[in-house]
Every structure is written in C-alpha cells, then in structure tokens.
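Asks: Okay, here's the structure, questions in a sec.
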Amino acid sequence: MTPMSGVVTLLTDFGLEDPFVGVVHGVILTRCPHARIVDLCHGIAPHDVREAAFWVSRCARYFPPLTVHVVVVDPGVGTDRHAIAVQTGDHVFVGPDNGVLTGIFTGGDVVHRIDEDRFALTDKSRTFHGRDVFAPVAAELASGRVRVPEVGPVAHPMKLDLTPGRVATIDRFGNLITDIEASPATLHVEIAGVSVPVADTYGEVPRGELVALLGSFGTLEIAVREGSAAERLGVGRGEPVSAREAR
Amino acid sequence: MTPMSGVVTLLTDFGLEDPFVGVVHGVILTRCPHARIVDLCHGIAPHDVREAAFWVSRCARYFPPLTVHVVVVDPGVGTDRHAIAVQTGDHVFVGPDNGVLTGIFTGGDVVHRIDEDRFALTDKSRTFHGRDVFAPVAAELASGRVRVPEVGPVAHPMKLDLTPGRVATIDRFGNLITDIEASPATLHVEIAGVSVPVADTYGEVPRGELVALLGSFGTLEIAVREGSAAERLGVGRGEPVSAREAR
Amino acid sequence: MTPMSGVVTLLTDFGLEDPFVGVVHGVILTRCPHARIVDLCHGIAPHDVREAAFWVSRCARYFPPLTVHVVVVDPGVGTDRHAIAVQTGDHVFVGPDNGVLTGIFTGGDVVHRIDEDRFALTDKSRTFHGRDVFAPVAAELASGRVRVPEVGPVAHPMKLDLTPGRVATIDRFGNLITDIEASPATLHVEIAGVSVPVADTYGEVPRGELVALLGSFGTLEIAVREGSAAERLGVGRGEPVSAREAR
C-alpha cells in the first residue's frame, strides 16, 4: 500500500444541475470509503479543455501532497482516445489524453495509459467515463492499492500549445483571467485593440475604468472597477492578450 | 448497532443558492459525526416528484451497500402526508410518502411510516422537513443506532404510475433522457410527432440532426448532435415518447 | 489541544462556477486533514454583508457544538480592514471585521483580531483572503491546535445596525424572507405600501394571493401561493417591512 492523502479532487464540465457529479462521488466512496472528495469545480465551459488545463495547473498546489486530481473535460468520450494517469511532484493526475493535463507536466514526467478493461465498471457506458472509468481508477489510486505505474503502459500524451497570451477564463464578476504571469515590468496589456493600464489596486482607477491587476492565481486579470470587463470589451475565453512594458 | 456504510445521499429540489442544503448537512453531522454526506443532486425541478423518482432509482446502485438515500421533493410538506423509510436490497431510502420512492420498490418491500414526534427537531417547522424530520431520521439510520423497522409502524406507501414512455429529465445540454430501457430491437423513437432514428454513436448522424442513443443510465436519450434536443422539439419533462421496432 | 468538532462551514459570495470554493477546501484539508467541510452557502449576493449576517446567525445552531464557521463576504479585501475570530456559546466564527458577524454576538463576547502575518499563506494575494487568510486560520482552529484567544489581540469589532424590519434575503422561489421574528400577535405585515395578511398555512389563501407566514428559520416570510412574491411586489433585498397587530 502506497501512502496517499485520501483527498480526491474533481474538475469537470458536468455542472451541478444533474446527478452526474453525485454518482461519481458514489463510485469513489464504494471503492475508497475513506476518500475526502473535493468538488474543485464543475463549471468549466462544456468541452473547454484549455480552461480546465489552466485551472488544474493553478489549483493543485493548494491541496495536500499525494492528492489525486481527476479532470474530466472529455469531448472525445466514446472515441478511441486514451485515459492517462501521471504523478508529477507530490500530486497524481487522472484524465483523458486530450491535452487537459498539459499544464501540470514538468518535463520528465512518466505518463501511463490506463488499462480501461481492468478498472472500468462492468457496464461501462459510451458517454460517462467520469463515472465508469476515471472514478474507479481514482479510487484505486487514492486508496493506495494501485500506484500510477501500475495503471497501464507508458504513454506519450497529447499536449496542447499553452503558450501564454490568452484569456484563460472569466469569473462570475466578468473579470478576464489571463494565462500571463504577472511581471513588475508590465505596464500595459493590450486586448481587443485596447491598451489597459496595470495597477496595484482597484483604488488607482476611477469607477467604471478598465484596469489590469495581479490576480489571485498569479496571472494578470483585466477588470472594470465595479463592472464587467467581459461585457465592456465584448470578449470571451481564448481572446488574445499581450503584455507590454510600455505603450 | 447495525453496521452501515455511513454514506448519506441527498436528492432534493432545494437548489444551491440558499443555505437550505447546508443546514441539512449540519443536522446530520450533529447526530452522526462520521457520516459521509453526498449531494446527489439538488437541481430537481421544484416539486417534480416523478423526476426525483427517476433519478433515485437510477443512481442508488452507484453507492456503497448500506447507504442511506434521502429524497426530499415534497410539495405536501405541512399537510398530513406521512414520512416513510424502507430498506430494499442493500440500500435504505427515506422520503415523503408521495410516490417519490416508487422506482426503488422491488415488490416485497416492507415500508415503515416514520414516527415524526420521536425523531423531529424540537422546533419542527411547517415547511422544512428536509432539515427537521428527514435529516435527523437519516442520521439515526446512518449511525446504525436505529434500524428501518424501528422508525415506526408498517405502512402502505403511495405509488406513482411509472409506466415507461416519457421524458424523465432533461440535462444541461438539452438532451432528453427518457425512462425507456434501451433494447437492441428499437430502431426509432417517436416524440412530438417526429420519428427519431436510434444510433450507436453521435458520429452516425450529421451535425444538428436528431438522434436517439443509449444513455449513460441505461435508458434511451434523444439528442441533437452539437445542439439541444429540448429546444429543437420544444418539449419538456413528461413529454410522451414511444419506442418503435421499425417505422 | 482543544477538543473541536472538526466541522468547518463556509458561507461566501464566491458562487460555484469557478474553483474558488474548491481551493479553500484544499487549504483547510492540507492543515486539518480530518476536517468535515460543509458548504453552508456560496450564493450570497456579491458583497451583501447584511444577507450573510442574517444567514450565519440563523444557521449556526444547526451544526455540532465546537464548529468553526467561516464567513467571507468581504468587499474590503485588500484594504486595511482586519480579520477577526470569536467564540460565542459553543461556536467559533471567523470573518472580516466588516459587521458580517454582528448577528452572532451575544453581548459579552471577546473578539480577537487575527494576526495575518502569522497565519496567512506565504504568497498571500490581495484579493482572495478566503483562501489565503481565513482558510488557514479556520484549519488551525478546527484542528484544536490554536484557540480563539491565541489568534491575536482583543479587538472592538465593527457592528451593523441589524434592527429588524427588512427583507433579509429572497429564496429561489421568490419568497421574501424577512428579519422579523414572528409573533402570534402579528396580523398583517406592510411592504411596499401593501398590507399582507398573516396566515398559518398557504392553504388559507387562494392561489396567486400574497400571504405572510412563519418561515422555517423563525422569521416572517412573504409569499405568493404558487408564485413569486419578489416579482409580484417588485422588491428586493433590504426592502422595509413592518409588522402590524391589526390593520
């Protein structure tokens, strides 16, 4: 038995309106009764693999060492895409091989393809591998009964181009969270043809003005003081952004 | 003490905007500190007893044996409707006696009426029995201190007519999840005057076309590839559906 | 080590669309692995300190003694507002010093200002103290390693005027939940120039009629039978309400 934290996080595009997340909890608890399951987020935009890749890479550090992170944003479910698992540093990650784990790779990682026939529920569906494949694998890993190298053969995972320079996600207030690491030298950001000044706090700009700030996950965020930057600029996830040292 | 899994699931129409679900957790944890509470779903359409009946019957199997499932969709709260508990197979169910548990009955079940005076919180409200009645009973059952036959006298529960042939629920993507068990002989389904072909995968139909598929909970689902079947057909929960072996 | 229940509740305006709540769980579980974290509610209207003050004062009683309640509705995050902790009766509360804890004070409470430099994450952000300050303090308190008097010096907390007479919150059905304790002598309530009769049950008024009832948290609620009182009256949170013994 490998010592594990017993914590399992779930990051999906399932939403919370339906019982999809609930049955994933059930499958994990059936196989790992002491698991501590955390709903990291189920509000990823449907099929937005890049948004999920951003969040898992930014959030994993806040969980205990030897946590199992399950990421299921999986537009290719039911096709021949593989399922993979990897340990990087202190954390274990499980997800489809569609690039969603790109942001957590550190360079020398050994990724394993999951032997689905061995781990899946006996009545595996075509469309719900979060419940039928990823949950049982996560439970085996979280319990310490199975180690990552034992889930299947070594694989060469698909990777996304995550070169910074985009709006990674938009929060409920309309703030545009970019994937650009903040630097003290950055004085402006450019987005949608608009130059936005970088400030230390909201207080430095008038109400209703655009401003770029260091966000709480270490990247630049574009905001409107007491307003919505997404509405103001009319942009969405994926919009290009560039950081400038001066205008 | 009866051995129990300690897992308690909650299936309600409370939504997650308000603290109603949170205080149910509090009441359960006060009486059963080791309970593992799973929010199976709180997005049941308000008062839709049939939708809840569908989901509890389809989801319970994914939880550990000796789980307590609490179903609170309860338009008759505050009237003289009873509260009931039953064990069927390995699982325990608690809910109002309004038919919401119909789908989990197996034929020879012995249902018990809950003695509310014995279990309810001392300041029981008229309108929130999820917190004041069902949560404390669930905690007693999950702790193993009370067994189902001890909650009150044998009852003859109300049952709904759950004859298949309807849209049971609609997921966040607009897929129509029916209550019709999929059969290899089914070639078409009929809904709202439209004949929809059954396929094995989305890939068999062009984008934007209606298709019926085996859904992830074992029933037929009606979908539009990369679209919303609910919008396309203009139908809602309860819409009649029939399965045809040929057109 | 102080004995604690290990239960931690979270009441915020973070919403559930993003991973903000999830990482708060992660920080707590990292420092207090046995914590039982309950999402009391994350749907507080953004920055509505009064709504949060209402709910925490009404909900804490449903949790086990020695629970730690974390309330993060914090429009002043990043300014020089303090963070505070207090034990009243059997419960411990943590939050910003902006009045959000006013409703749980009992008169002789000794409030402590949290020494943020001692407890905060090393890379504390300007804008996410729920994760960076309140979560680590809550974990230390819930673990029993730190007692309230040890978090920092005695403070004189800011208090809101919570004199009853307002719509405190509106539930998903459009019911107006007031902060007025129900009394048997109350025969009418007045809101927005309309006199609404008090009844014992919905059944006493016709469908579509306004009625005031004893709500499930002990205060008067204004409802429309099978409708939305918020829409009918066109009012929102904070609307004045008065209770009358006769018209």
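The values are calculated or read from the model by the stated rules, or taken from the named source; none is laboratory data. Quick caveat, the model's predicted, so the values are computed rather than measured. Neighbour counts run over all protein chains shown; Cβ positions are idealised from the backbone, glycine included. Calculation scope for accessible area: heavy atoms of the full protein, side chains included, ligands and nucleic acids excluded. Shrake-Rupley method; radii C 1.70, N 1.55, O 1.52, S 1.80 Å.
Asks: If you take the residues of segment C:1-18 that are open to solvent by 10 Å² or more (accessible area, probe 1.4 Å) and of a type in the set (Ser, Thr, Tyr), which of them is farthest from C:ILE104 (Cα to Cα)?
Replies: C:THR2
Asks: Could you please tell me which pairs satisfy a Cβ distance under 6 Å, a separation of 6+ or placement on different chains, a first residue in segment C:158-174 that is more than 24 Å from C:PHE105 (Cα to Cα), and a second residue that is surrounded by fewer than 17 Cβ atoms within 10 Å (Cβ to Cβ) and small (Gly, Ala, Ser)?
Replies: C:GLY174/C:SER228
Asks: Let me ask another. Check segment B:42-51 and report whether any residue there is open to solvent by 30 Å² or more (accessible area, probe 1.4 Å), in contact (Cβ under 8 Å) with a residue 60 or more places away in the chain, in a helix (DSSP H, G or I) and away from every other protein chain (no Cβ under 14 Å).
Replies: yes
Asks: Just to check your reading of the model, which residue among C:ARG61, C:ARG36 is within 10 Å of chain A (Cβ to nearest Cβ), within 30 Å of B:LYS124 (Cβ to Cβ) and surrounded by fewer than 24 Cβ atoms within 10 Å (Cβ to Cβ)?
Replies: After ruling out the rest, the residue left standing is C:ARG36.
Asks: Let me ask another. Facing chain A (nearest Cβ under 10 Å), touching a residue at least 60 places away in the same chain (Cβ under 8 Å) and at positive phi: does that describe B:GLY15?
Replies: no
Asks: Please specify each residue of segment C:19-28 satisfying the condition of being at the interface with chain A (Cβ under 7 Å from one of its Cβ atoms) and open to solvent by 10 Å² or more (accessible area, probe 1.4 Å).
Replies: C:HIS25 - this is the single residue of segment C:19-28 that is at the interface with chain A (Cβ under 7 Å from one of its Cβ atoms) and open to solvent by 10 Å² or more (accessible area, probe 1.4 Å).
Asks: Do we have any residue at all in segment B:74-83 that's within 14 Å of chain A (Cβ to nearest Cβ) and out of contact with any helix residue (DSSP H, G or I) (no Cβ under 6 Å at 6 or more places or on another chain)?
Replies: No - not one qualifying residue is present in segment B:74-83.
Asks: A further question on this structure: The conditions are (1) at pLDDT 95 or above; (2) more than 14 Å from chain B (Cβ to nearest Cβ), and C:LEU66 fails exactly one of them. Which is it?
Replies: All conditions pass for C:LEU66, except number (2).
Asks: Please go through segment A:132-165 and give me each residue that is over 18 Å from A:HIS34 (Cα atoms) and within 14 Å of chain B (Cβ to nearest Cβ), ordered by number.
Replies: A:ASP132, A:VAL133
Asks: If you take the residues of segment A:114-140 that are at pLDDT below 95 and basic (Lys, Arg), which of them is farthest from A:VAL92 (Cα to Cα)?
Replies: The selected residue is A:ARG126.
Asks: While we're here: Quick check on B:ARG113: is it touching a His at 6+ places or on another chain (Cβ under 7 Å) and charged (D, E, K, R)?
Replies: Against the criterion (touching a His at 6+ places or on another chain (Cβ under 7 Å) and charged (D, E, K, R)), B:ARG113 qualifies.
Asks: Output the number of residues of segment C:81-129 satisfying the condition of being part of a loop (DSSP other than H, G, I, E, B) and either surrounded by fewer than 16 Cβ atoms within 10 Å (Cβ to Cβ) or of a type outside the set (Ser, Thr, Tyr) (or both).
Replies: The qualifying residues number 24.
Asks: Taking the condition of being closer than 19 Å to C:ASP48 by Cβ and among the charged types (D, E, K, R), how many residues in segment C:210-247 meet it?
Replies: Residues that pass the stated criteria total 3.
Asks: Write out, first by first residue and then by second, each pair whose Cβ atoms fall under 6 Å of each other, whose residues are 6+ apart or on separate chains, and whose first residue, in segment B:115-143, is charged (D, E, K, R) while the second is in a helix (DSSP H, G or I).
Replies: B:GLU116/B:VAL133; B:LYS124/B:ASP132; B:ARG131/B:VAL23; B:ARG131/B:VAL24; B:ARG131/B:VAL27
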